[in-house]
Each structure stands twice: as C-alpha cells, then as structure tokens.
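Encoded as structure tokens, the structure appears first; notes follow it.
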Amino acid sequence: MTTENPISSTTFSRTRLPMVNKQVFRMGIAGNYGLDSSDIAFAADRGANYWLWGAGFKKVTQGIKEVIQQEREKHVVAMLGYGVLGWQVRKSVENGLRKLNTDYLDVFKLGWLGRTSFYNGSVVDVLLKLKEEGKIKAMGTSIHDRKWAGRLCLDSKIDVFMIRYNAKHTGAEEDIFPHLAKRNPGIVSYTATAWRQLITPLKKPVEMPPWPGEAPSDVPPLTPEMCYRFVLSNPHVHLALTGPKDRDQLIQNLKALEKGPLNPDEMAWVREYGRQVHTNHRMDYF
Ligand SMILES: NC(=O)c1ccc[n+]([C@@H]2O[C@H](COP(=O)([O-])OP(=O)(O)OC[C@H]3O[C@@H](n4cnc5c(N)ncnc54)[C@H](OP(=O)(O)O)[C@@H]3O)[C@@H](O)[C@H]2O)c1
C-alpha cells in the first residue's frame, strides 16, 4: 500500500479534482441503479456535487438539471458516453449538453474503453477540439483493464480515470496508483461493494478475528459504509462513486464520509476480509 499523499488540500470528505479543478465531495452519485430526481436534490443538500450521468440515466436527469442550474460552477457533471469514432463522441457530448441544459460538461468519459469506446486518433482529436470549444473541461474514461489504465496514466491525453477499486480488488495499488505522479490525473473509483460480494454473506464462510472497530459487531460481511471508507481511505482516490438503489441506501452510504478513514487495525481487517473473499469467491469477470 502506498503511503504518500499526493492530493493536496484534501479532507476526508472533500478534495480538489485535478484537471477539472473544482472542489468535490468525495462521493459521486450514480443514478442509474434506482435513484430518482428527488434523491439528487437530497444528496446535493448534503454536499454531493459530482454527478455521473449518461443517456440512460433518465430518472435523475431532471434532478441533475435543476441542481446544476442553481450554481453551475459548484457542480461537476461527468458524462459517461460511448463512441468508436470522433463524430459519435461529438454527437454524444452535444446530446448531453442539450438534455442537461448546460453549456459544458466537466468530464466526458469514454465508457468501457476498448469495448464500447475507443482511444484512437479520431476520438482524441474530437475530444481535444471539444475542450478547445469549451464544451468539455476534461477527457475521461471508464476502464476495466488496469494495466492499460496504468500506461494511459503515464502517457495519454486522458485527464480523469474511472477505475475498479475495492477491498476485494486492490490491484490498482500496483497497476495504476504508482503511475499517477507524472501527470496527476483525477481518479474516480467504482465497485466499492464489488458487485455486492463484500456486503453479502459468503456461501462458504471465512474465519476472521473479531472486528477491531466500533459497532457493528456482526461482521463479516462488510457493511456498505466500510466498503466506501476503505476506498476513500486511499489518498490516490479523489472520489468514490456510489450506486444506491434507493434513498435508504443513499443515506447509509453518505454516512461513510462522516466517519473518516479506517484506522490501521480496521484497514488491516477489511483488507484481509477482501483478500479472503477474493480467494473464496472467484467471480472475476474482467
Ligand atoms: N460495476 C461495474 O463494473 C461498473 C463499470 C463501469 C461503470 N459502472 C458505473 O459506476 C456507477 C457505480 O456503480 P458501482 O458498481 O460502483 O455501485 P456500488 O456503489 O458498488 O453499488 C452497487 C450495488 O450495491 C448495493 N448497495 C449499494 N449501497 C448499498 C447499501 N447501503 N445497502 C445495501 N446494498 C447496497 C446495491 O445493490 P442492490 O440494488 O442489489 O441493493 C447497488 O446496486 C454506476 O453508474 C455503474 O453503472 C460500474
């Protein structure tokens, strides 16, 4: 695990997102697993200001539109789009601007790089032109291939990386985080719960010592809060996405920010549990 803190002016709940250059609440909200527009207003009232959005995020579009209209400069809109050719990316960005009624997107992320979108000359030229035109502030990607992500961190035009990182999948600590210092891109993580595997009792239980922290005492499995605190305790991660299915889950997950980082004993325990889940539960899709 790396110990150097490369993120300046950071508290546990807020940091400056490089390249976008705005202060962000360190839990980004993904509204495609069940939230609606009223949940966006609710999260914004509690400090959230990073909104993952895509053409399919219909139930939260109105809510995001309303919160960003009030104070556009205080919010970060990160659009997840697709495209293998430049003109498709431009169309996607321009549709996003129209649907959200905004002049610019803070980040346009090429979704699932290598599968549903490509990093090629045609796409990169259009994204650089869109930056020049002020229609996007930063170029991003959502990427599953960690080693490739590490290489792109060292040498590419990509400003913000959306990557898998959680207590079960810690490979970003070797493949990605050591490569950040050269260009200092933004790091946004997803899968804090590892597709629920970390918060669901295992079919084959594992032996763990007692939880060293405060309540709850009935762990494992991890609580969702532990999952997000694990990710956000890593100083390389600017923010973690959360994809709650409803208001109750949203409230629970936002509480992780109030709790602060895991202490060293809690961190060691969560890391060990994640390791055992990885060994016990080999469901690595990517
Ligand atoms: N996962 C990926 O491979 C992937 C890849 C690229 C992009 N993304 C995007 O990244 C965003 C975030 O996704 P994520 O996978 O990181 O979401 P996440 O926050 O890990 O949440 C995933 C699931 O965990 C459960 N959960 C979350 N909070 C909970 C709580 N408090 N109590 C009980 N269960 C809880 C919910 O499952 P139930 O609905 O079953 O309760 C939720 O759908 C989404 O927009 C997603 O589309 C994800």
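The values are calculated or read from the model by the stated rules, or taken from the named source; none is laboratory data. If you're wondering where the values come from, they're calculated on a predicted model, not measured in any experiment. Note: ideal-geometry Cβ built from the backbone for every residue, glycine included; neighbour counts use all protein chains shown. Side chains included, ligands, DNA and RNA excluded: accessible areas come from the protein's heavy atoms. Shrake-Rupley method; radii C 1.70, N 1.55, O 1.52, S 1.80 Å.
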Surpassing 27 Å at the alpha-carbon level, of the pairs K168/K203; K65/K259; K131/K245; K99/K147; K65/K91; K59/K137, are K65/K259; K131/K245; K99/K147
Considering only the chain, percent of DSSP beta bridges that pair antiparallel, nearest 5
10
Run the quick spin-label model on K255 and D45: label points 7 Å from Cα toward the beta carbon, then report their separation in nm to one decimal.
1.8
With every protein chain kept in place and a 1.4 Å probe, region 36-112 has an accessible area per residue in Å² of 43
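I'd like the Kirkwood hydrodynamic radius of region 148-286, using the inverse of the mean 1/r over distinct C-alpha pairs, in Å.
15.7
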With a sphere of radius 14 Å drawn around the Cβ of N32, what net charge do the other residues whose Cβ falls strictly inside it have (Lys, Arg +1; Asp, Glu -1)?
+1
Restricting to Cα pairs under 8 Å and 6 or more apart, the percent relative contact order of the chain works out to 19
Excluding residues fewer than 8 places away in the same chain, name every one of the aspartates and glutamates whose C-alpha is closer than 14 Å to that of K129.
E94
Lys and Arg at +1, Asp and Glu at -1: add these up for the other residues within a Cβ distance under 14 Å of R14 and post the number.
+4
Indicate the gyration tensor shape class of region 1-101 (rounded, prolate or oblate), computed on the Cα atoms with a ≥ b ≥ c the square roots of the eigenvalues: a/c under 1.5 is rounded; otherwise a/b larger than b/c is prolate and the rest oblate.
oblate
In whole Å, what three semi-axes, largest first, describe the equivalent ellipsoid of region 150-202 built from its Cα gyration tensor (square root of 5 times each eigenvalue)?
26, 10, 7
Inter-label distance, nm, simple model (7 Å from Cα along the C-beta direction), E173/V206
1.3
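Is the shape of region 196-271 best called rounded, prolate or oblate, per the rule: a/c under 1.5 gives rounded, else a/b larger than b/c gives prolate, else oblate, with a ≥ b ≥ c the square roots of the Cα gyration tensor eigenvalues?
Oblate is the answer for region 196-271, as a/c is 1.5 or above yet b/c matches or exceeds a/b.
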Ignoring any ligand, DNA or RNA, what whole percent of the accessible area of region 129-286 comes from carbon and sulfur when the probe is 1.4 angstrom?
51
Between the alpha carbon centres of region 161-186 and region 4-67 the gap in Å comes to 20
So how long is each side of the chain along the principal axes, counting just the alpha-carbon atoms, biggest first, in Å?
56, 39, 36
Please provide three numbers in whole Å: the alpha-carbon extents of region 39-163 along the principal axes, with the largest listed first.
38, 27, 23
Where Lys and Arg each count +1 and Asp and Glu each count -1, what net charge lies around T193 among other residues with Cβ under 13 Å from its Cβ?
+4
Got a sec? Which residues in region 117-158 would a label at K22 touch, if it sits 7 Å along Cα→Cβ and we count backbone N under 11 Å?
137-138
In whole Å, how far is the Cα centre of region 74-103 from that of region 199-270?
33
From the C-alpha coordinates alone, can you work out the Kirkwood hydrodynamic radius of region 86-239, in Å?
17.3
Taking the mean number of other Cβ atoms within 10 Å as a proxy for protection, how do you rank 169-178, 106-115 from highest to lowest?
106-115, 169-178
So which aspartates and glutamates can K22 reach, going by Cα to Cα under 20 Å and dropping same-chain residues fewer than 8 places off?
D45, E66, E71, E73, D103, D106, E132, E133, D159
